[in-house]
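J.: Below: one structure in structure tokens.
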Amino acid sequence: MPSKIIIIGAGVVGAASALALQKDGHDVILVDREAPCAGASFGNAGAIVNGSCAPTAMPGIIFDAIRMLSKSNSPLTVHPAYFHRILPWLMRFILQSSSSNVNNNAKHLHGLSQYAVASWHQLTEQTELSSLFKQTGWLKVYETEKSFDGTKKSRQLLDKMKTPYEVLDASQIHDLEPNLAPIYKRGFFQKDSLSITNPDRLVKGMVELFVNRGGSYKQFAVNRINRNSNGIELIGSNETLVTDKVVIAAGAWSRSLAKQLGDNIPLDTERGYHLMLSESTSSLLSRPVVSGDDSFVLTPMETGMRMSAQIEFAGLDIAPDYSKIRKLLPEAKRMLPKIDIKEESVWMGFRPSLPDSLPALGFSPKSNNVLFAFGHQHLGMTLAAITGLTVADLVANRKPPIALSPYRPNRFLTL
Ligand SMILES: Cc1cc2nc3c(=O)[nH]c(=O)nc-3n(C[C@H](O)[C@H](O)[C@H](O)COP(=O)(O)OP(=O)(O)OC[C@H]3O[C@@H](n4cnc5c(N)ncnc54)[C@H](O)[C@@H]3O)c2cc1C
């Protein structure tokens, strides 16, 4: 039976959920405190990595983290003022790096990501949005055999999940990307992945499509959320919205909304940065390329070349430190000698992350009127379409293509 459903958050996950629920005939309102695509969905590296399965917490993560923290351009930082706040999350995260947890998390990440490309096709077929996806593949390059060997565990997980990839030598890398400096000995290529030429245009286009098909978009900041006999109440500064069902897709800000409904979910944020280089440099690459040694991505986009990097634990309120991404400019030049490293703009965004790298996807344990769809960490663009389709399956009481218990919001023990 059609319901009145409000989705909180017009990032990629909320927008995908809105399109999928609308298709089932529900009366859907999408709300965001800002214009659509104001969060992490705006500034990412734009990769749809089909079959991706390596969780962030891998075996040996503590030693890797110590090694990274000691580098001058560390790809990982913990803000000293946030250390005590992130500590419980880090403890859970480290527990996830045991072999058995890594194997489970990889299996369940793959459970969703195996549908990444197919679900995006399903959601955007016969719309102009499909032109924003390019079949470029996803390329990672390494300067030494030793650094390439560091990917052994991830490759074993891909093998286990039967996700196809190719290992490349220097000349095969050159054939794919002739403008890269000839410093890369090894590459690792997932051919069937896609890239998005403009994530902002994609998400805004999804919201526009939803509105053109009769859906409502409302700029509305949810200050408080309550469940009572009328349904779910969303309280804003001047208005209260009442609905039968709510989908919480507010990215890194979802934790406090879930908590107000009685669900304590250990969501935190891994902040990331990007720096845009001029549009003329975009033609130097044909696809997103990851520097495996220096942990950054260069993605050619229609707005310019985007360099993205960093995992920073600093919560939602501490000011960005753009020096973290600016420091990588000489490395970008080393990777791509013809690049003009004049900065056009910088940005920081909040990856919504749970310690096991899996999203919270399912009904609140407290109510079938509250659905959670957040925590997509480094893979929200990849997983948004399958998440939206799954949200619609849950509301319709249809069997989704995968068992959802691994993503249940209450899977974490209370610490
Ligand atoms: C540097 C970087 C690179 C990345 N690269 C990739 C990549 O290549 N591939 C990939 O798959 N993923 C990538 N990601 C991850 C991806 O961007 C995120 O996982 C994804 O965008 C999360 O989408 P979301 O819709 O859950 O959250 P968001 O896009 O953050 O949207 C949440 C929305 O909720 C709104 N909101 C919050 N609270 C409220 C409230 N109280 N009331 C109303 N509205 C509210 C916000 O305004 C925001 O618009 C990257 C992330 C970063 C930071």
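The values are calculated or read from the model by the stated rules, or taken from the named source; none is laboratory data. Worth saying up front: this structure is predicted, and the values here are computed from it rather than measured. For neighbour counting, all protein chains shown are included, and Cβ atoms are generated from backbone atoms with ideal geometry for every residue, glycine included.
J.: Somewhere in region 48-55, is a residue more than 22 Å from MET348 (Cβ to Cβ), among the hydroxyl-bearing types (Ser, Thr, Tyr) and either within 9 Å of the ligand (Cβ to nearest atom) or without any contact (Cβ under 8 Å) to a residue 12 or more places away in the chain (or both)?
T.: Among the residues of region 48-55, at least one is more than 22 Å from MET348 (Cβ to Cβ), among the hydroxyl-bearing types (Ser, Thr, Tyr) and either within 9 Å of the ligand (Cβ to nearest atom) or without any contact (Cβ under 8 Å) to a residue 12 or more places away in the chain (or both), which makes the answer yes.
J.: Picking from ARG351, ARG408, which residue would you name as being within 25 Å of LEU202 (Cα to Cα) and of a type in the set (Lys, Arg)?
T.: Values: ARG408 fails: within 25 Å of LEU202 (Cα to Cα).
Result of the check over ARG351, ARG408: ARG351.
J.: For LYS338, state whether it is surrounded by fewer than 16 Cβ atoms within 10 Å (Cβ to Cβ) and at pLDDT below 95. Show your work before the answer.
T.: Values: surrounded by fewer than 16 Cβ atoms within 10 Å (Cβ to Cβ): yes; at pLDDT below 95: no.
No; evaluated as a whole, the condition is false for this residue.
J.: Additional query: With the requirement that a residue be charged (D, E, K, R), within 13 Å of the ligand (Cβ to nearest atom) and part of a loop (DSSP other than H, G, I, E, B), what does region 237-284 give you?
T.: Within region 237-284, just GLU239 meets the criteria.
J.: Of the residues that sit in region 149-206 and are under 26 Å from SER280 (Cβ atoms) and small (Gly, Ala, Ser), which one is farthest from the ligand (Cβ to nearest atom)?
T.: ALA181
J.: May I pose another question? Let me spell it out: the conditions are (1) more than 15 Å from the ligand (Cβ to nearest atom); (2) under 30 Å from LEU284 (Cα atoms), and ASN368 meets all of them except one. Which number is the exception?
T.: That leaves (2) as the condition not met.
J.: When residues of region 304-328 are filtered for being more than 20 Å from the chain's Cα centre (by Cα) and under 23 Å from THR197 (Cβ atoms), how many remain?
T.: Result for region 304-328: 2.
J.: Residues in region 333-345: is at least one among the hydrophobic types (A, V, I, L, M, F, W, C), touching a strand residue (DSSP E or B) at 6+ places or on another chain (Cβ under 9 Å) and within 15 Å of the ligand (Cβ to nearest atom)?
T.: Step one: filter region 333-345 for residues among the hydrophobic types (A, V, I, L, M, F, W, C), giving 335-336, 339, 341.
Subset that is touching a strand residue (DSSP E or B) at 6+ places or on another chain (Cβ under 9 Å): 335-336, 339, 341.
Adding the requirement that they be within 15 Å of the ligand (Cβ to nearest atom) leaves none.
No, region 333-345 has no match at all.
J.: I'd like to know if region 212-222 contains one or more residues that are within 15 Å of the ligand (Cβ to nearest atom) and hydroxyl-bearing (Ser, Thr, Tyr). Don't jump to the end; show me each part of the working.
T.: The first filter runs over region 212-222 and keeps only residues within 15 Å of the ligand (Cβ to nearest atom), leaving 216-222.
Then keep just the ones that are hydroxyl-bearing (Ser, Thr, Tyr); that gives 216-217.
Checked region 212-222: at least one residue is within 15 Å of the ligand (Cβ to nearest atom) and hydroxyl-bearing (Ser, Thr, Tyr).
J.: Tell me which residues, restricted to region 171-187, are more than 16 Å from ARG334 (Cβ to Cβ) and of a type in the set (Gly, Ala, Ser).
T.: Those that are more than 16 Å from ARG334 (Cβ to Cβ) and of a type in the set (Gly, Ala, Ser): SER171, GLY187.
J.: Hey, another quick one. Given the conditions (1) out of contact with any strand residue (DSSP E or B) (no Cβ under 8 Å at 6 or more places or on another chain); (2) not in a helix (DSSP H, G or I), which single one is not true for MET348?
T.: Looking at each condition in turn, MET348 falls short on (1).
J.: Let me ask something additional. So which residues in region 287-313 are out of contact with any Leu (no Cβ under 7 Å at 6 or more places or on another chain) and more than 10 Å from the ligand (Cβ to nearest atom), if there are any at all?
T.: SER291, GLY292, ASP293, SER295, MET301, GLU302, THR303, PHE313
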